[in-house]
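Visitor: Quick one: this structure, given as structure tokens, is what I'll be asking you about.
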Amino acid sequence: VDIAQEEDKDATKRIDGNRNGNITTDKDGEGQIGEVQNSHTEPLASKKPATVAKINQDRGGIAFPYGNSTKTALFAVYDGHGQGGELVSQFALHHVQKRLEKHPSFNDNIEQAFKETFLAVDKDLTEEPTIEPLYAGTTACVALLRD
């Protein structure tokens, strides 16, 4: 008996597939092919698109000392959203911090200073050429601590 013929007989009983499954034939080797049993892969049509890593759009910072005082600190957290939200968060982080301490009402009317600072930063953002504020933005939580 030829070794190749023995291997052919065994192959007609069952052909073990690789990760794509098993193909079976009848015991006489008549070429009746069974179904492909696929336990490791799915058809291409049902595969989900590749997941793209999302950019962290959050920013945060602590400025201490702040406003020319060792008894003052600024805490800020920005949560960006939309396409380019990380750019908006970064812009707001730096510009709010710089503008607020220079505001004329910083020492005597902090509520007014905050309101006008946020409005000015928002206006400046619309003029920033690298950011499209119609499709991106940020929420902010900013606290000023004074002793």
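Visitor: Just need a number here: residues in region 121-147 that are within 23 Å of Leu87 (Cβ to Cβ) and touching a residue at least 24 places away in the same chain (Cβ under 8 Å).
Guide: 16
Visitor: Mind listing whichever residues of region 117-147 are assigned to a loop (DSSP other than H, G, I, E, B) and surrounded by 13 or more Cβ atoms within 10 Å (Cβ to Cβ)?
Guide: Glu128, Ile131, Glu132, Pro133, listed by residue number.
Visitor: Taking the condition in a loop (DSSP other than H, G, I, E, B) and free of Cβ contacts under 8 Å to residues at least 40 places away in the same chain, does Phe114 pass?
Guide: Criteria not met by Phe114.
Visitor: Oh, and also: Can you pull out every residue in region 68-108 that is open to solvent by less than 20 Å² (accessible area, probe 1.4 Å), assigned to a loop (DSSP other than H, G, I, E, B) and within 20 Å of Cys141 (Cβ to Cβ)?
Guide: Phe106, the sole residue that qualifies.
The values are calculated or read from the model by the stated rules, or taken from the named source; none is laboratory data. Keep in mind the model is a prediction, meaning the values are calculated, not measured. Here the Cβ is made from the backbone with ideal geometry for all residues, glycine too, and neighbour counts use every protein chain on show. What goes into the accessible areas is simple: the full protein's heavy atoms, side chains included, and nothing from ligands, DNA or RNA. Shrake-Rupley method; radii C 1.70, N 1.55, O 1.52, S 1.80 Å.
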